[in-house]
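S.K.: Structure incoming, see below.
The values are calculated or read from the model by the stated rules, or taken from the named source; none is laboratory data. Model, not experiment: these values are computed from the prediction. Cβ placement follows ideal geometry from the backbone for every residue including glycine, while neighbour counts extend to all protein chains displayed. Heads up: the accessible areas ignore ligands, DNA and RNA and are worked out on the full protein's heavy atoms, side chains in. Shrake-Rupley method; radii C 1.70, N 1.55, O 1.52, S 1.80 Å.
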Amino acid sequence: MSVIDDEKSPAHGGEVAKPPERGRRWRFNSPLTQVTLMGFVCFCCPGMFNALSGMGGGGQVDPTAANNANTAVYTAFTVFGVLGGAFYNVLGPRLTLAAGCSTYVLYAGSFLYYNHHHHQAFAIVAGALLGCGAGLLWAGEGAVMTSYPPPHRKGTYIALFWSIFNLGGVIGGLIPFILNYHRSSAVSVNDATYIAFMCFMFAGVLLSFGILPATSVIRNDGSKCSAVKYSKPSTEFAAVLRLFLDRKMLLIVPAAWASNFFYSYQFNNVNGLLFNLRTRGFNNVFYWGAQMVGSIAIGYIMDFSFKSRRARGFAGISLVAVIGTIIWAGGLANQHAYSFNNLPEKKLDFKDSGKEFAGPFVLYMCYGLLDAMYQSMVYWLIGALADDSQTLSRYSGFYKGVQSAGAAVAWQVDTRKVPLMSQLVINWSLTTVSYPLLVLLVYWFVKDEDDDDKGGDKV
């Protein structure tokens, strides 16, 4: 594989093209348009998947089927998340993304089937296929999101993407809330909920065909993204294997493992155990809405807080560490109120529970805020390590693969009814361990823009 870079490019991100005509406010081949479109692809597919998962148990009274399906999702994702960059580099963005998006429709359909027949096998098989497809989708997404924008505005573009993506969770939370509003005593969502999710996911398949290859995307200064000469699968596979010996990736492993590990605890054991069905949908609107706020806030810090890119990296990690510590401390206080052996007698309702509803609701919303800040921070750090789409697709795939391995373990931890307090402590500890390692990543491997221009190396 080779990447053709023109050192005279203003952004050092590829060869120089004719600058876009002045006065043209919108171009389909601009980084802004492509990242926005990528956001809507993820709005429709993983955004709706997140809303479905956020219901606790996939919207079912018994979370066992959803837990086992999610284990299948993330086990397959562990492999295809790592190999996703290889598929992206060989197939290009459109085929990679369309293949990945199609598996989300099947997964939502499996729960529609489960609503009537209560057989886990279809959901588990669909989950495994979704894990393969999600690995393709997120590798493509990572390459687009981190390599298409100008290097000095990656945090802003990540925030834009994350906001659109999480708007899918907001709308996805409204779907079960509206369709099950008058079913305050119901324990499983109705068929219309799953059908609505499937319609959005299919729209994501169609939108994915609008994503352009990197060589067709032109920045406002006239520079192109990486000019790609696609590699053989064997070449890509060998390159992916080398990531397991890459010091940069090894420093990211704890953050990647932690970044989806807490979902099973938050979705099943906070939203699922404490709130009734319609309130879970209501809560998810604010959980994913808080993610939009969090991504915008951390995007600003990572792009504009200091002139030095390294200083912005240190500032972002420090801010997330402080906020994360405060939120997990609030979770610890909340967890003292219940356990598997001491569940609330009556689940909380957003209309009927009064003041008892407020504390757990705010905590759950803050969990969403922290999730977006944490993951946006890590994506910014990955984007700061390189500027070509092949390398970044591999880095993103590695990150998603390790992330998925952690999630696969987490869903089985919940299935085996590990004490809730232990789950919380594990989640808090994993994120805390990652912060000093990310500081080392910035110190050793992230260079300031001026150093890029001089071709210097800090390692």
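S.K.: Can you pull out the residues in region 330-383 that are among the hydroxyl-bearing types (Ser, Thr, Tyr) and within 18 Å of the chain's Cα centre (by Cα)? So that I can check it myself, show each step before the final result.
M.R.: The initial filter retains those residues of region 330-383 that are among the hydroxyl-bearing types (Ser, Thr, Tyr), namely 338-339, 353, 364, 367, 374, 376, 379.
Matches in region 330-383: TYR364, TYR367, TYR374, SER376, TYR379.
S.K.: Right, here's the next one. Provide a single number: the residues in region 347-372 that are under 22 Å from ILE327 (Cα atoms) and open to solvent by 10 Å² or more (accessible area, probe 1.4 Å).
M.R.: Quick first cut of region 347-372, residues under 22 Å from ILE327 (Cα atoms) only: 348, 350, 355-372.
Now narrow it down to the ones that are open to solvent by 10 Å² or more (accessible area, probe 1.4 Å): 348, 350, 355-363, 365-366, 369-370.
Qualifying residue count, region 347-372: 15.
S.K.: Please note which helices (runs of 4 or more DSSP H) are completely contained in region 228-315 and include at least 2 residues that are closer than 22 Å to TRP428 by Cβ.
M.R.: Values: elements: 233-242, 247-258, 263-266, 277-304.
Result: 247-258, 263-266, 277-304.
S.K.: Here's a follow-up. Quick check on ALA134: is it of a type in the set (Gly, Ala, Ser) and under 23 Å from ARG312 (Cβ atoms)?
M.R.: Numbers: of a type in the set (Gly, Ala, Ser): yes; under 23 Å from ARG312 (Cβ atoms): no.
No.
S.K.: Within region 137-152, track down each residue that is open to solvent by 10 Å² or more (accessible area, probe 1.4 Å) and in a loop (DSSP other than H, G, I, E, B). Quick ask: steps written out before the conclusion?
M.R.: As a first pass, look at region 137-152 and keep what is open to solvent by 10 Å² or more (accessible area, probe 1.4 Å): 138, 150-152.
PRO150, the sole residue that qualifies.
S.K.: With respect to ALA108, determine if the residue is closer than 22 Å to ASN68 by Cα, under 18 Å from the mean Cα position of the chain (by Cα), buried (at least 24 other Cβ atoms within 10 Å of the Cβ) and touching a residue at least 24 places away in the same chain (Cβ under 8 Å).
M.R.: Details: closer than 22 Å to ASN68 by Cα: yes; under 18 Å from the mean Cα position of the chain (by Cα): no; buried (at least 24 other Cβ atoms within 10 Å of the Cβ): yes; touching a residue at least 24 places away in the same chain (Cβ under 8 Å): yes.
Here the answer is no, as ALA108 does not meet what is asked.
S.K.: I need the full set of residues from region 28-70 which are modelled with pLDDT under 90 and of a type in the set (Val, Ile, Thr), in order please.
M.R.: VAL61, THR64
S.K.: May I pose another question? Taking region 397-406, which residues are within 17 Å of ASN67 (Cα to Cα) and at pLDDT below 90? Please lay out each step first, then the result.
M.R.: Kept after step one, since they are within 17 Å of ASN67 (Cα to Cα), are these residues of region 397-406: 403-406.
Scanning region 397-406 gives GLN403, SER404, ALA405.
S.K.: Tell me yes or no: at least one residue of region 407-419 is under 14 Å from the mean Cα position of the chain (by Cα), part of a helix (DSSP H, G or I), within 22 Å of ASN166 (Cα to Cα) and not assigned by the TED database to the domain that holds PHE161.
M.R.: To start, the set of residues in region 407-419 that are under 14 Å from the mean Cα position of the chain (by Cα) comprises 407.
Adding the requirement that they be part of a helix (DSSP H, G or I) leaves 407.
Checking which are within 22 Å of ASN166 (Cα to Cα) leaves us with 407.
Filter again for not assigned by the TED database to the domain that holds PHE161, leaving 407.
Within region 407-419, one or more residues are under 14 Å from the mean Cα position of the chain (by Cα), part of a helix (DSSP H, G or I), within 22 Å of ASN166 (Cα to Cα) and not assigned by the TED database to the domain that holds PHE161.
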